[in-house]
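Engineer: Mind having a look at this structure? Questions to follow.
The values are calculated or read from the model by the stated rules, or taken from the named source; none is laboratory data. Please read all numbers here as calculations on a predicted model, not as lab measurements. Cβ atoms come from the backbone with ideal geometry, glycine included; neighbour counts cover every protein chain shown.
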Amino acid sequence: MYYCIHLSDQHTGTIDQNGTNTVRSIDTKQGNATLTWQLLDNSTVNKFVDITKSVALSDSRVIDWNYYRTDNISLPSLVEQLNSAIDAYPLPSDYKILLTDNKELVYEQTNRVHYAFEKLLVESNPSNKQKEILERLNKLVHEIEHNISNHFDNTVDTEHFIVCRHTCNESVNLYKKLTDEDYNRFIFQNETGDLFLDFFTVGKDLGHAFMSNDVELIKNKEIKQQSLITASVQIGVVEENKFLKYDSTIDIQQRKQYENWCQLNDVESYGYNYTEPMYNLGRCKLGTLVNETYQSFVNKLSNYPYITNVSIIDDI
């Protein structure tokens with residue numbers, strides 16, 4: 001069984017001010033090109049397939065998608081956009097990010113904005129305009145986090161990141177709770193071009209807090225672990241003229257660093273038993289990209305940059 005993302009050189013649907021594209025059922029098209037992943041054979045994927053097929057049958061189905069590239073814009077420009085959004089909401093000026101020569105200080109500032117976004121979105125009953133601004137803040141914070149290393153370490157790594165949120169009016173009743181068996185399929189290295197289950201959660205999980213050294217989130221007891229299997233997916237690629245190959249030793253090393261960080265910051269005292277499966281690092285792999293080289297993958301995204309549909313097929 002295979003999962004397909006259909007691409008076109010022509011945009012379909014709508015796009016909002018934050019760059020989120022929305023393709024409704026009546027807007028879906030086969031497109032000019034396809035990216036295809038062979039789905040794994042396990043119970044997690046089976047649940048994902050059932051949910052996706054059910055969503056695809058609904059007249060109310062919607063595909064909200066985003067495509068990010070870290071080389072599209074500089075860190076100073078992203079920071080300028082974020083600070084403008086802070087003024088537009090408005091938030092207090094001390095939430096604005098100041099670019100210094102201290103990488104860790106910039107991470108601390110992005111953590112603070114991320115936390116404000118989550119609290120305001122969930123608890124403050126924002127207007128529609130404010131919701132748009134909050135979504136923009138969230139998008140910009142993630143883009144800034146992905147660009148920090150390039151800026152401070154003077155590197156030119158390009159990351160491609162695609163998110164497809166596939167929903168319908170009835171989808172909340174279709175979702176399945178993640179079990180320990182599902183969590184044990186999470187892997188840290190998810191920028192290999194393969195298909196992964198999307199986080200589909202407002203906030204940060206413990207792994208994201210670790211990667212951004214967000215200790216305040218722990219102390220505020222605001223960790224949000226992924227809890228659902230949905231029909232939404234993510235694909236990440238780090239540009240090195242070839243696909244990164246999964247290396248289990250990297251996951252093992254990262255797990256050790258994660259555990260050391262959890263112990264150092266005493267996360268268990270705040271209610272987070274990081275040894276439980278639900279706190280595993282990474283995302284759940286769903287499928288393996290097929291019939292693409294690194295260059296053909298990048299070329300397709302360049303020549304056909306618009307997503308027009310997603311589908312599951314039995315064979316190719």
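Engineer: Yes or no: GLU222 out of contact with any Leu (no Cβ under 7 Å at 6 or more places or on another chain), within 13 Å of VAL267 (Cα to Cα) and part of a loop (DSSP other than H, G, I, E, B)?
Structural biologist: Yes.
Engineer: Between residues in segment 85-106 that are under 21 Å from LEU134 (Cβ atoms) and residues that are part of a loop (DSSP other than H, G, I, E, B), which pairs lie under 8 Å by C-beta distance while being six or more apart or on different chains?
Structural biologist: The qualifying pairs are ILE86/LYS96; VAL106/ILE97; VAL106/LEU99; VAL106/THR100.
Engineer: Let me ask something additional. Among ASN173, ASN169, which is the only one that is out of contact with any helix residue (DSSP H, G or I) (no Cβ under 8 Å at 6 or more places or on another chain), in contact (Cβ under 8 Å) with a residue 60 or more places away in the chain, surrounded by fewer than 18 Cβ atoms within 10 Å (Cβ to Cβ) and in the same structural domain as ASN21 (by TED's automatic domain parsing)?
Structural biologist: Just a single option satisfies the conditions, and that option is ASN169.
Engineer: Please enumerate the residues belonging to segment 30-68 that are at pLDDT below 95 and surrounded by 16 or more Cβ atoms within 10 Å (Cβ to Cβ).
Structural biologist: GLY31, ASN66, TYR67, TYR68
Engineer: Any residue at all in segment 188-203 that is surrounded by 18 or more Cβ atoms within 10 Å (Cβ to Cβ), at pLDDT 95 or above, over 19 Å from VAL45 (Cα atoms) and out of contact with any strand residue (DSSP E or B) (no Cβ under 7 Å at 6 or more places or on another chain)?
Structural biologist: Within segment 188-203, not a single residue is surrounded by 18 or more Cβ atoms within 10 Å (Cβ to Cβ), at pLDDT 95 or above, over 19 Å from VAL45 (Cα atoms) and out of contact with any strand residue (DSSP E or B) (no Cβ under 7 Å at 6 or more places or on another chain).
Engineer: Keeping to segment 179-196, report how many residues are within 25 Å of THR20 (Cβ to Cβ) and in a loop (DSSP other than H, G, I, E, B).
Structural biologist: The qualifying residues number 4.
Engineer: For GLY236, work out the one condition from (1) more than 19 Å from TRP65 (Cα to Cα); (2) among the small types (Gly, Ala, Ser); (3) surrounded by 11 or more Cβ atoms within 10 Å (Cβ to Cβ); (4) at pLDDT below 95 it doesn't fulfil.
Structural biologist: So the condition that GLY236 fails would be (1).
Engineer: Kindly provide the set of residues from segment 5-20 that are at pLDDT 95 or above and either within 18 Å of the chain's Cα centre (by Cα) or closer than 23 Å to LEU134 by Cβ (or both), ordered by number.
Structural biologist: Scanning segment 5-20 gives ILE5, GLY13, THR14.
Engineer: Restricted to segment 240-275, and to residues that are over 18 Å from PHE196 (Cα atoms), in contact with an Asp or Glu (Cβ under 9 Å, 6 or more places away or on another chain) and touching a residue at least 24 places away in the same chain (Cβ under 8 Å), which residue is surrounded by the fewest Cβ atoms within 10 Å (Cβ to Cβ)?
Structural biologist: Selected residue: GLU240.
Engineer: ALA209 is checked against (1) without any contact (Cβ under 8 Å) to a residue 24 or more places away in the chain; (2) surrounded by fewer than 17 Cβ atoms within 10 Å (Cβ to Cβ) and fails just one. What number does that condition carry?
Structural biologist: Unmet for ALA209, out of (1) without any contact (Cβ under 8 Å) to a residue 24 or more places away in the chain; (2) surrounded by fewer than 17 Cβ atoms within 10 Å (Cβ to Cβ): (2).
Engineer: What is the number of the single condition among (1) of a type outside the set (Phe, Trp, Tyr); (2) over 18 Å from the mean Cα position of the chain (by Cα); (3) closer than 27 Å to THR34 by Cβ that ASP153 does not meet?
Structural biologist: So the condition that ASP153 fails would be (3).
Engineer: Okay, moving on. Does LEU197 count as farther than 17 Å from ARG255 by Cβ and out of contact with any Asp or Glu (no Cβ under 9 Å at 6 or more places or on another chain)?
Structural biologist: Here the answer is no, as LEU197 does not meet what is asked.
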